[in-house]
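The structure appears below as structure tokens.
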Amino acid sequence: MASNPLNLALRFVLELVALGGLALLGWAIGGDSWRLVPAIVLPILAGAAWGIFRIPNDPGRAAVPVPGPVRLALEIAVFAGGVAGYAVAGHQTVALVVGAVVVGHYVASYDRVLRLLRNVPAATQS
């Protein structure tokens with residue numbers, strides 16, 4: 001199910017929503033005159049980490065190969081940070097909905113989650 005086009009599209013949308021939540025988190029934690037800096041830096045750092053630290057062949061070449069459990073922890077941290085951003089910004093309903101959809105996505109992608117936890121590269125998965 002993890003490679004289903006609809007699930008991949010949902011994942012992409014969730015990634016963008018998480019980056020938006022991280023921007024809100026940065027805005028909330030920034031001082032009065034420096035709010036814009038963390039609002040820009042947090043999503044950029046998260047997006048960079050998302051693209052750089054990958055398991056081999058998931059899909060394509062990993063710039064910095066990491067074990068599957070590390071990648072899964074990174075993904076959970078980015079999504080949790082995004083959800084926290086919405087909650088801190090006062091959008092608790094959005095945070096709950098996004099959090100529930102993220103959990104649903106990982107349940108639907110159980111095959112990928114198990115592969116990551118077992119540290120099996122995507123190319124060897126049958």
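Nothing in this text is a laboratory measurement; each read-out follows from the coordinates by a stated rule. Here the structure is a predicted model, which means the values were calculated and not measured. Neighbour counts are summed over all protein chains in view; Cβ atoms, including those assigned to glycine, are modelled from backbone coordinates with ideal geometry.
Run through all the Cα pairs of the chain and give the fraction in each 10 Å bin from 0, expressed as whole percent.
14, 40, 32, 12, 2, 0
Rounded, prolate or oblate: which fits region 1-40, taking a ≥ b ≥ c as square roots of the Cα gyration tensor eigenvalues, rounded meaning a/c under 1.5, else prolate when a/b beats b/c?
Prolate, since a/c reaches 1.5 and a/b exceeds b/c.
Given the Cα-Cα distance of Val103 and Arg35 and 0.36 nm per residue of separation, how much length would full extension add, in nm?
Additional length available on full extension: 21.5 nm.
What are the membrane-span-like helices in the chain by this rule: whole DSSP H runs, Cα extent along the axis at least 15 Å, mean Kyte-Doolittle hydropathy at least 0.0?
5-29, 36-52, 68-88, 92-108
Give me the number: length gained by fully extending Ala89 to Phe12, i.e. 0.36 nm times residue separation minus the C-alpha to C-alpha distance, one decimal in nm.
Residue separation times 0.36 nm, minus the Cα-Cα distance, leaves 25.5 nm.
Could you work out the longest stretch of the chain that avoids the trypsin sites (Lys or Arg not before Pro) located in DSSP loops with at most 16 other Cβ atoms within 10 Å?
62-117
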